[in-house]
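Written out below as structure tokens is the structure these notes cover.
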Amino acid sequence: MGETIKDSDKAALDEIVQKYNHDKGAAIMILQQVQASFGYVSEDMLDYISKLTKVPASDLYGIATFYAQFRLEPVGDNFIQVCHGTACHLAGAEQLSEAIQNEIGIKSEGTSEDGKFTLEHVACLGCCSHGPVITFNGETYAKMTPEKVKKLVRQAGKSCQCGNAEGSVKEGCEANV
Amino acid sequence: MSSTGRTIVNVGLASCGIAAGAQKVYEAFKTALDGFEVQLTFSGCMGMCYKEPLVEIRNPDGTRHIYGKVQPAQVAQIVEEHIQKGNPVLDWIVYGDGIKTPDSDYIERQQRIILKNCGVINPEEIDSYLEVEGYQALKKALQSMTPEQVIDEISRSGLRGRGGAGFPTGTKWSFARKSPGKEKYVICNADEGDPGAFMDRSVLESNPHGVLEGMLLAGYAMGAENGYIYIRAEYPLAIKRLKIAIDQATEKGYIGNNILGSGFNFNIMIREGAGAFVCGEETALIASVEGKRGMPRIRPPFPAQSGVWGKPSSINNVETFANVPWIILNGADSFNRFGTESSKGTKVFALAGGIARGGLIEVPMGITINEIVHDIGGGLASGGKLKAVQTGGPSGGCIPAAMGDTPVDYESLKKIGAIMGSGGLLIMDESVCMVDVAKFFLNFTKEESCGKCTFCRVGTYQLLNILERITRGEGRPGDIELLEEMGEKIRAGALCGLGQTVPNPVLTTIKYFRSEYEAHINDKICPAKKCKELITYLVKADVCKGCGRCSKECPTGAISGEKKQAFVIDQEKCARCGLCVSVCKFKSIQVITGKGEGVTSNG
Ligand SMILES: Cc1cc2nc3c(=O)[nH]c(=O)nc-3n(C[C@H](O)[C@H](O)[C@H](O)COP(=O)(O)O)c2cc1C
Ligand code: SF4
Ligand code: SF4
Ligand code: SF4
Ligand code: FES
Ligand code: FES
């Protein structure tokens, strides 16, 4: 229970709980802050937070699974959200998702095997008149096409295949498109 | 804007503008205007999403011009011609004083009350709001009106809730006022869960103080000292601007203790949603504010009696609050001059989908669907024909083009099986498959059902299963009747508004587009050529130039051929993703539905 959490991470969790715990009904806010800091909330973290807050771990787990925002697994190096709201659906959101899935080699939502990309579907990003819309590492892209999204993915994945750090792509690297 | 004697450059930086590249345009102006006696500022939403990035130039004489689709490369010329030489670059102007443009109607047919300040003021500067009579309504109420008089004014205005159900706002406030107890809560519902709707986001990003002022007036009217804003986490910019606004208003004494020396205290807290559509429902929202799972509960007790922390609470939508300062300042009679007998005032709509001019509009209630789509929205983006308009999000209905004369007011829309909803208007042209649309909404509500009651949880799942079968070409006779029957049962048996409205998209599409269901079920065709299992992609051999582009892009390697000769699609391998259609520059790929001749010979 909570044993697999590093001490430095425990300190960070302590701080978050201290900051929010004075508020009545802070559980969701605490989990949001944890996710903002760590990128996800693991079951171990939930156990640890439960000890600090005295909120039963089962309640915390219930919250983490009820709300779409929470992830129990870490995300990949690049985080892509594709809007599947109505306007984006009509404008071809499904084709975008398929193009990304093909490109990163996954079947639906989730993280690619190499850990480079995570794909997530969201309900609506509020830019509906520019559909289809995606966010790529937090930045919003309007009027996306499968071609444009493939380019983004390839560019971001550039460093991977030849094992080089970003910005120093080897000549002749296959991913150097 | 009155004449200021100098030029102001105002860039629209709402989140959709930023997505279209407005931040870069802002930076370009910053560089280009260095050394000029020109004020550079930004605002939120100017409403013309279809022309973003948008830049407004307010001239020294008080007139204004709005440039559309501005790219950083154009900035130098705008500065030189317009600002230095005083010759506006007419070709790039989408709207301006004294100029008739093809887009003039978009702006001129609107009536702005709620959006009055949007795209005008700087949402991150309270002074900018104060210059346009900001917090004057609060001042007026605290200094010259009793709480009862505030409620009375709102009641007489005829304002009804803009979050969907259209409940009279004054009545709601008076319930909360009459509830016993000293601790009461005002809640702003900024969850905006309807996909395809972005009115609330735009208002919050563009005029956050307007919403805060509405909440303060509500607090004064019902005797509450605390307010929550429940806002979805997918709106980070709106959250940021709200936080800035709350800080600035607190600093100036509009929020906090003893506001403007009146003895009235009010504090506002932000609660971020975590991605659950059902949390827009009042009792679920309350549970979520309390830090729990957002499960709806049976009413009564109503929130007005027992809401957050068991205390009387009153929940209103963002746009509802945004109306309030205007009504208090200008009077109920000025407000209800607009609109119809039963639906007073104006309504903000988010136009999206297949419309030529998509964006945010505010129109008097009672305007017809056709006027919105054709006169304001400029018709269909594709140039094609209107097929349907979807109102009210996942719980709404599809209005067929033939009923375009329907006036937009609460009762008229209800009569034809649709609802006003929160204001998302999705415009669909002939390329949209109505069975697919119904399936899309069911898929959404299936994911979002909280699962508490069986009718909603299981019923939604079954409706979706049937729709999936139909779109796969496995529909059976009797399916339509089955959908209708189950729809009625779910509507009657569900506990909360989500389940009660789940069947609406199915029932309205059956009602108005029955033949499309029949085509899928009986003839195994998808007339709009959308449903994957019922379509085939074919290369038109006589048109294909043999460039090979499609074959390079096809994710399944289904296309092959020799350069300069017609390519061929292997039907076994084709995943029907449609990518080849969008990459072929020569329009050589055709889509057919049903067992058309060419399939076997080409496949
Ligand atoms: C499933 C469901 C989702 C809802 N989502 C929202 C929403 O996102 N925003 C909103 O203002 N109202 C939403 N509502 C309606 C609210 O429950 C409530 O009626 C409204 O916020 C009241 O404010 P008003 O009287 O100002 O319209 C939703 C209702 C249901 C049943
Ligand atoms: S109708 Fe659906 S969303 Fe509402 S309480 Fe029942 S299961 Fe939950
Ligand atoms: S529809 Fe998709 S899978 Fe089929 S041939 Fe075209 S690109 Fe390939
Ligand atoms: S992209 Fe079009 S023209 Fe080129 S080979 Fe494919 S079908 Fe033929
Ligand atoms: S539907 Fe995609 S941004 Fe709204
Ligand atoms: S201009 Fe895009 S939301 Fe207003």
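The values are calculated or read from the model by the stated rules, or taken from the named source; none is laboratory data. All figures in this text were calculated on a predicted structure; none of them were measured in a lab. Note: ideal-geometry Cβ built from the backbone for every residue, glycine included; neighbour counts use all protein chains shown.
A few remarks follow.
- Candidate set from the stretch B:542-585 (those that are in a loop (DSSP other than H, G, I, E, B), within 18 Å of A:Q101 (Cα to Cα) and basic (K, R)); member that is nearest to ligand 1 (Cβ to nearest atom): B:R576
- Cβ-Cβ under 9 Å pairs, at least 6 apart or on other chains, the stretch A:137-151 side more than 15 Å from A:K116 (Cβ to Cβ) and facing chain B (nearest Cβ under 8 Å), far side of a type outside the set (G, A, S) and assigned to a strand (DSSP E or B): A:T140/A:I134; A:Y141/A:I134; A:Y141/A:T135; A:A142/A:I134
- Residues within the stretch B:252-296 that are of a type outside the set (V, I, T) and either within 11 Å of ligand 2 (Cβ to nearest atom) or within 24 Å of B:L498 (Cα to Cα) (or both), tallied: 22
- Residues in the stretch B:209-267 that are more than 14 Å from chain A (Cβ to nearest Cβ), of a type in the set (G, A, S) and touching a residue at least 24 places away in the same chain (Cβ under 8 Å): 11 in all.
- If the condition is being in contact with a Gly (Cβ under 8 Å, 6 or more places away or on another chain) and of a type in the set (G, A, S), then the stretch B:40-92 contributes B:S43, B:G44, B:G47.
- Counting only residues that are facing another protein chain (nearest Cβ under 8 Å) and on the phi < 0 side of the Ramachandran plot, the stretch B:274-294 holds 9 of them.
- Test for B:V389: is it buried (at least 22 other Cβ atoms within 10 Å of the Cβ), within 14 Å of chain A (Cβ to nearest Cβ) and without any contact (Cβ under 8 Å) to a residue 40 or more places away in the chain: yes
- Failed criterion for B:L360 (all others in (1) farther than 29 Å from B:S431 by Cβ; (2) at pLDDT 95 or above hold): (1)
- Residue, farthest from ligand 3 (Cβ to nearest atom), within the stretch B:440-454, restricted to residues that are assigned to a helix (DSSP H, G or I) and more than 10 Å from every other protein chain (Cβ to nearest Cβ): B:T454
- Taking residues in the stretch B:340-356 that are within 14 Å of another protein chain (Cβ to nearest Cβ) and outside any strand (DSSP E or B), and partners anywhere that are surrounded by 24 or more Cβ atoms within 10 Å (Cβ to Cβ) and of a type in the set (V, I, T), the pairs with Cβ atoms closer than 7 Å and at least 6 places apart or on different chains are B:G354/B:I427.
- The residues of the stretch B:159-188 that are more than 23 Å from the chain's Cα centre (by Cα) and either within 14 Å of B:F321 (Cα to Cα) or part of a loop (DSSP other than H, G, I, E, B) (or both), listed by number, are B:G170, B:K172, B:W173, B:S179, B:P180, B:G181, B:K182, B:E183, B:K184, B:V186.
- Of the residues making up the stretch B:246-285, those that are small (G, A, S) and either in contact with a Pro (Cβ under 9 Å, 6 or more places away or on another chain) or in a helix (DSSP H, G or I) (or both) number 4.
- You will find that of A:Q69, A:Q33, the residue that is part of a helix (DSSP H, G or I) and within 11 Å of chain B (Cβ to nearest Cβ) is A:Q33 and no other.
- The condition of being of a type in the set (S, T, N, Q) and either in contact (Cβ under 8 Å) with a residue 60 or more places away in the chain or within 13 Å of B:Q110 (Cβ to Cβ) (or both) holds for B:S395.
- Filter result for B:S306 (hydroxyl-bearing (S, T, Y) and either within 14 Å of chain A (Cβ to nearest Cβ) or within 27 Å of B:Q248 (Cα to Cα) (or both)): no
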